[in-house]
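The values are calculated or read from the model by the stated rules, or taken from the named source; none is laboratory data. For clarity, every value in this text was computed on a predicted model and none was experimentally measured. Positions of Cβ are generated from backbone atoms using ideal geometry, with glycine treated the same way; all protein chains shown enter the neighbour counts.
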Number of protein chains: 2
Amino acid sequence: RHGGGHKATPGVHFTVSVVLPAGGTGERTGLVTPKQFCTFLNRPLISYTIQAFERLSWIQHIVVVVAEESSALMRDIVQRFQHTKVRVVSGGATRHRSIFNGVQALDTGESGATPDVVIIHDAVRPFVEEDFLLEIAMAAKENGASGAIRPLVSTVIATSSEGYLDHSLERGKYRASEMPQGFLYHVIYQAYQKCSEFDFDFGTECLHLALQHAGTKAKLIEGPPTLWKVTYKRDLAAVESIIKETLCGSACVTFDGSERSRDLGRCLQKVMGSFDMEVDVLPELIGDASCLSREWNFIQLCVNGSGLSEVEETVKSLQAANRALLHPVVVVWVRLDTSDGMSVSETGAGPLLLMELASAAKLHNILLYGIHFLLSEEDTGFSDGSVKRLAELTYTLIHDRNAVLAGQMLHA
Amino acid sequence: RHGGGHKATPGVHFTVSVVLPAGGTGERTGLVTPKQFCTFLNRPLISYTIQAFERLSWIQHIVVVVAEESSALMRDIVQRFQHTKVRVVSGGATRHRSIFNGVQALDTGESGATPDVVIIHDAVRPFVEEDFLLEIAMAAKENGASGAIRPLVSTVIATSSEGYLDHSLERGKYRASEMPQGFLYHVIYQAYQKCSEFDFDFGTECLHLALQHAGTKAKLIEGPPTLWKVTYKRDLAAVESIIKETLCGSACVTFDGSERSRDLGRCLQKVMGSFDMEVDVLPELIGDASCLSREWNFIQLCVNGSGLSEVEETVKSLQAANRALLHPVVVVWVRLDTSDGMSVSETGAGPLLLMELASAAKLHNILLYGIHFLLSEEDTGFSDGSVKRLAELTYTLIHDRNAVLAGQMLHA
Ligand SMILES: [Mg+2]
Ligand SMILES: [Mg+2]
């Protein structure tokens, strides 16, 4: 998942590096922790943003510019989440001074070491996609500068000094300037070299500096709404929701070899498909490296027998493959029980073993849940209602990825 | 909760009514359902916005303006959630035509029937608070017009016709115009009577029309960030999160009379206080009407005995008091068990009875969950770790308010 070699992407015949200013203080969220360090599923926001660039083969280096006091924290994040393209540098007193520090850090002194194009992005815009970054990089190469824009959501008005309406702007003529922005290295370098102390202290717009001091008119490209800047407390809930959505797109159901559990697997596949989850049904998982490298969630079915040892194997394999490095992986153990009523061994020992196993797995970012799927002995098939109930519970566990509920044995 | 009589609020010595345009099509969320009709905890967004006004004694009428095809749906919502101040009228072809329809609907022809002040608000800004509405109403009474503003989050830029940067605006001089806005009735009426067909079709800003056609300079007041307009798909997650936060502020713990359960109640109170949940501990709930009228969640503790019949009583009382009309109410049954191991009767019958009771309660918007809190017989007190675990589970159930998990028996 970590980018690997610098394979050329068709069309990117030039070098591209990234500067990520990450020095914000987060006053607008009303939180103590700056937004870029707020964690989602145990991982700081800045790591998601880094990953959005690091996974692209045509991105060379990522310079993260942080406040002096966040430097140790940032280095720890880079190490913990095994980021390989990142250099951490200290920021200046203002946003522009920080960005210039980042731009300068890309010049290592070796000839040919500076990138052709620099992309500047905000640490708190984690959901930028490859196709849009490509557009920005290409437009920067061609025009010297480029920037993302969005339509205005509100009418913009000018106020009088006494706080009354002076006039309103015609909304169609203006745009909101967003990130990412792209620059030829020498354009952004020259813009900062020539700009005034006032620009450094009070300027807000890199594109404006490029226009004023390098004579470069930026090409503006409308970006998708997911580019938005995480600003308010409510945005944190939006981020969490988007991350969770992206993680529950697919699952792998394994069955224990019995016909009954294979049938159940296929029923589940159908119902969860209607929830927009793509489900594969496999007889066995263990030892298959290709299974572990995919962005799957795991559902293990077993009939009557416990099947917990197979679940334990899965957890060990996921651990060995380092699959839960960037986000928690969900494993749902579904135990189909066709006996009438529940005996002590089934309801007593199972839940306690599950709880212990789940506690250990949680330490490795693997979230294990159990579902007891009880059918009376007369039921030979699976009723639509009972499978739907099972699918809903399973989907909820996978979607919510709630660590507090790990180890619980639910009933369907 | 529904406003009751029109008590005068200190300072509001004039009449105020509201126009809520709710005709948007929701294209920007990418959803089929327009945002104002998207449901959160089984209730459409528009009902939350209506409630924000209806609960205020100094608001007289609320005119909701909807597209012809949403009229039946809107009337159904008004009836289902027992809104008492609402009149539903049909909109025009554009936002301004719709608002004017709403303004005209406030004039019933009776002398003195039109309000002194009209507040115009968006159906998709549900979190407006009384103090801010008061400011807007007062400023409208005094100045003829008033409007909410917010600082700009992004730099606003002007683009050339070829899509290049032309210039950027100085951010400090401009503001985003938001809702609510307030007007003297005759000011907004005159603005619409005098404005052109072009204004009706392409205008975006009521404040601008009041300036142009009634010569009224609106007073601008900075509002809180929670005023934002629900626009994108990500905003739906933010709305849900804010609603859930407001619902998990307080809980009532009842204990079964035993010293053990009272002690546990006090331990829970302490730990859940550290999660920012205000917890009251009471010996009994049933029959106390004041308990049922509060915005509480309910936690019922019992030692060894089942206690499910008391839970059933609570559910019935909440139902009788119509407590779950506007949002689901959570009841958590905590069963303290000091026997070693679990017997069939405890683990088998309990969960099945709970599931049945929860299914019935869910039909009335009451979400019932169980937690089996197992202590070995040697434990005489409650360890910090075990109470923290119980508190976390309880808090998660109350906070997440997940209907799919209703009826589950969890283990702490
Ligand atoms: Mg900028
Ligand atoms: Mg407007």
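Any residue at all in segment B:231-238 that's in a loop (DSSP other than H, G, I, E, B), in contact (Cβ under 8 Å) with a residue 12 or more places away in the chain and within 14 Å of chain A (Cβ to nearest Cβ)?
Looking through segment B:231-238, at least one residue is in a loop (DSSP other than H, G, I, E, B), in contact (Cβ under 8 Å) with a residue 12 or more places away in the chain and within 14 Å of chain A (Cβ to nearest Cβ).
Give me the pairs, please: first residue somewhere in segment B:383-395 and touching a residue at least 24 places away in the same chain (Cβ under 8 Å), second residue anywhere and aromatic (F, W, Y), beta-carbon distance under 6 Å, and either six or more positions apart or on two chains.
Qualifying pairs under 6 Å: B:L390/B:F373; B:Y395/B:F275.
Consider segment A:363-385. How many of its residues are crowded, with 17+ Cβ neighbours inside 10 Å and in a helix (DSSP H, G or I)?
0
Got a sec? Which of B:L134, B:L169 is facing chain A (nearest Cβ under 9 Å), hydrophobic (A, V, I, L, M, F, W, C) and surrounded by fewer than 21 Cβ atoms within 10 Å (Cβ to Cβ)?
B:L169
How about segment A:106-171: which strands (runs of 3 or more DSSP E) wholly inside it have at least 1 residues that are touching a Cys at 6+ places or on another chain (Cβ under 7 Å), within 16 Å of ligand 1 (Cβ to nearest atom) and assigned by TED's automatic domain parsing to the domain that holds A:Q36?
A:117-120
Kindly provide the set of residues from segment A:60-101 that are more than 28 Å from A:H364 (Cβ to Cβ) and assigned to a loop (DSSP other than H, G, I, E, B), ordered by number.
Correct list: A:A67, A:G91, A:G92, A:A93, A:T94.
Name the strands (runs of 3 or more DSSP E) wholly inside segment B:258-355 in which the number of residues that are within 14 Å of chain A (Cβ to nearest Cβ) and modelled with pLDDT under 95 is 1 or more.
Counting at least 1 such residues, we get B:329-337.
Do you know which residues across segment A:172-205 are within 15 Å of ligand 1 (Cβ to nearest atom) and of a type in the set (S, T, N, Q)?
Across segment A:172-205, the qualifying residues are A:S177, A:Q181, A:T204.
With the condition kept exactly as written, say whether any residue in segment A:156-175 is touching a residue at least 60 places away in the same chain (Cβ under 8 Å) and β-branched (V, I, T).
No, there is no match, as no residue in segment A:156-175 is touching a residue at least 60 places away in the same chain (Cβ under 8 Å) and β-branched (V, I, T).
Does A:H186 meet the test of being within 9 Å of chain B (Cβ to nearest Cβ), more than 27 Å from the chain's Cα centre (by Cα) and either surrounded by fewer than 17 Cβ atoms within 10 Å (Cβ to Cβ) or at pLDDT below 95 (or both)?
Taking the combined requirement at face value, the residue does not satisfy it.
Please work out if A:R80 is in contact with a helix residue (DSSP H, G or I) (Cβ under 9 Å, 6 or more places away or on another chain), of a type in the set (D, E, K, R) and buried (at least 16 other Cβ atoms within 10 Å of the Cβ).
No; evaluated as a whole, the condition is false for this residue.
Being within 11 Å of chain A (Cβ to nearest Cβ) and at positive phi is the filter here, so list the residues in segment B:382-412 that pass it.
Matches in segment B:382-412: B:G407 only.
Which members of segment A:193-230 meet the condition of being within 26 Å of A:R43 (Cα to Cα) and within 7 Å of chain B (Cβ to nearest Cβ)?
A:P225, A:K229
Could you check segment B:239-257 and list, in sequence order, the residues that are without any contact (Cβ under 8 Å) to a residue 24 or more places away in the chain and facing chain A (nearest Cβ under 8 Å)?
The one that is without any contact (Cβ under 8 Å) to a residue 24 or more places away in the chain and facing chain A (nearest Cβ under 8 Å): B:S241.
Determine whether A:G265 is of a type in the set (G, A, S) and closer than 30 Å to B:T155 by Cα.
no
Please verify whether segment A:208-226 includes one or more residues that are assigned to a loop (DSSP other than H, G, I, E, B), in the same structural domain as A:N42 (by TED's automatic domain parsing) and within 14 Å of ligand 1 (Cβ to nearest atom).
yes
Only one residue in B:H83, B:H167 is at pLDDT below 95 and of a type outside the set (D, E), so which one is that?
B:H167
Conditions (1) within 16 Å of ligand 2 (Cβ to nearest atom); (2) within 28 Å of the chain's Cα centre (by Cα); (3) more than 14 Å from every other protein chain (Cβ to nearest Cβ); (4) crowded, with 19+ Cβ neighbours inside 10 Å, marked per residue:
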site: A:V86; (1), (2), (3), (4): no, yes, yes, yes
site: A:V89; (1), (2), (3), (4): no, yes, yes, no
site: A:A93; (1), (2), (3), (4): no, no, yes, no
site: A:S98; (1), (2), (3), (4): no, yes, yes, yes
site: A:N101; (1), (2), (3), (4): no, yes, yes, yes
site: A:A148; (1), (2), (3), (4): no, yes, no, yes
site: A:I157; (1), (2), (3), (4): yes, no, no, yes
site: A:Y164; (1), (2), (3), (4): no, no, no, no
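Test B:S98 against the stated conditions and say whether it is within 25 Å of B:A237 (Cβ to Cβ) and of a type outside the set (A, V, I, L, M).
no
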